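For reference, the structure is listed below as structure tokens.
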Amino acid sequence: LFPQKQKRPKHIVNKKVKKEEPKVVDTVQIEDIGDKKAFCRCWKSKNFPYCDGSHNKHNEEQGDNVGPLKIVK
Ligand code: FES
């Protein structure tokens, strides 16, 4: 992703989701959301773009307060 000669940024938000792609873009059909769905905003979910609760561990370890975007009908 970053050529060796190019300086790597100090802080990367996305450490593991679809790193082979130049940009992570997800499309979810409204019909597939059902009554509610939680979308990950911490980039730690193993089921990205959906939240799997991984933000709890991150928050505990880092003293952060991130959480999902909840979509409800
Ligand atoms: Fe990322 Fe829940 S796992 S917000």
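For the stretch 35-46, the set of residues classified as near the ligand (Cβ under 8 Å from one of its atoms) and surrounded by fewer than 17 Cβ atoms within 10 Å (Cβ to Cβ) consists of F39, R41, listed by residue number.
Here is a yes/no grid of residues against (1) among the polar types (S, T, N, Q); (2) open to solvent by 80 Å² or more (accessible area, probe 1.4 Å); (3) modelled with pLDDT under 95:
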residue	(1), (2), (3)
H11	no, yes, yes
K23	no, yes, no
T27	yes, yes, no
G53	no, no, no
N59	yes, no, no
G67	no, no, no
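Residues that are in a loop (DSSP other than H, G, I, E, B), more than 15 Å from D26 (Cβ to Cβ) and either near the ligand (Cβ under 9 Å from one of its atoms) or basic (K, R) (or both) within the stretch 47-70 comprise G53, V66, G67, listed in sequence order.
The values are calculated or read from the model by the stated rules, or taken from the named source; none is laboratory data. None of the values given here were measured: they were computed from a predicted structure. Neighbour counts run over all protein chains shown; Cβ positions are idealised from the backbone, glycine included. Heads up: the accessible areas ignore ligands, DNA and RNA and are worked out on the full protein's heavy atoms, side chains in. Shrake-Rupley method; radii C 1.70, N 1.55, O 1.52, S 1.80 Å.
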